[in-house]
Amino acid sequence: DMITFGVDKTLANASCYLGLLGQVVVSWMWLRQAVAAEIGLPKANSDSDKDFYNGKLQAAQYFFQWELPQAYQYAQLFIDKDSTCYDMQDSWF
């Protein structure tokens, strides 16, 4: 828990938490766009509309395959209470 690990050590891993949260939030946004594109694609009346929807689906696929997996790494560092960042000393720079 955070008290045992210490507030300072937890804050040293704040970038992991922010990265994880950011990946999850952006993933939800892409999921919403992909659902809208799946609904809109069969109703598309022009090639440009079809291209637009297919582009949204491909961009969502990219994000889920390439970007979202980074959330696992962020979560694992945070869950493991990794102290690498906290252990760095100013004099070592």
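The values are calculated or read from the model by the stated rules, or taken from the named source; none is laboratory data. Every value quoted in this text rests on a predicted model; they were computed, and no experiment measured them. As a convention, Cβ positions derive from the backbone with ideal geometry for all residues, glycine included, and neighbour counts pool all protein chains shown. To get the accessible areas, we keep the full protein, side chains included, count just its heavy atoms, and leave off ligands, DNA and RNA. Shrake-Rupley method; radii C 1.70, N 1.55, O 1.52, S 1.80 Å.
Numerical summary
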item	result
Test: residue 64 is more than 15 Å from residue 15 (Cβ to Cβ), open to solvent by 100 Å² or more (accessible area, probe 1.4 Å) and assigned to a helix (DSSP H, G or I)	no
All positions within region 67-90 that are of a type in the set (D, E, K, R) and within 15 Å of residue 9 (Cα to Cα)	80, 81, 82, 87
Residue list for region 12-32, filter: free of Cβ contacts under 8 Å to residues at least 60 places away in the same chain and hydrophobic (A, V, I, L, M, F, W, C)	14, 18, 20, 21, 24, 25, 26, 28, 29, 30, 31
Residue match in region 83-90 (condition: hydrophobic (A, V, I, L, M, F, W, C) and within 19 Å of the chain's Cα centre (by Cα))	no
Residue that is nearest to residue 76 (Cα to Cα), among those in region 18-43 that are in contact with a Phe, Trp or Tyr (Cβ under 6 Å, 6 or more places away or on another chain) and either open to solvent by 100 Å² or more (accessible area, probe 1.4 Å) or among the hydrophobic types (A, V, I, L, M, F, W, C) (or both)	20
Condition met for residue 9 (touching a residue at least 40 places away in the same chain (Cβ under 8 Å), assigned to a helix (DSSP H, G or I) and more than 10 Å from the chain's Cα centre (by Cα))	yes
Test set (1) modelled with pLDDT of 90 or more; (2) surrounded by fewer than 10 Cβ atoms within 10 Å (Cβ to Cβ) - residue 51 fails condition number	(2)
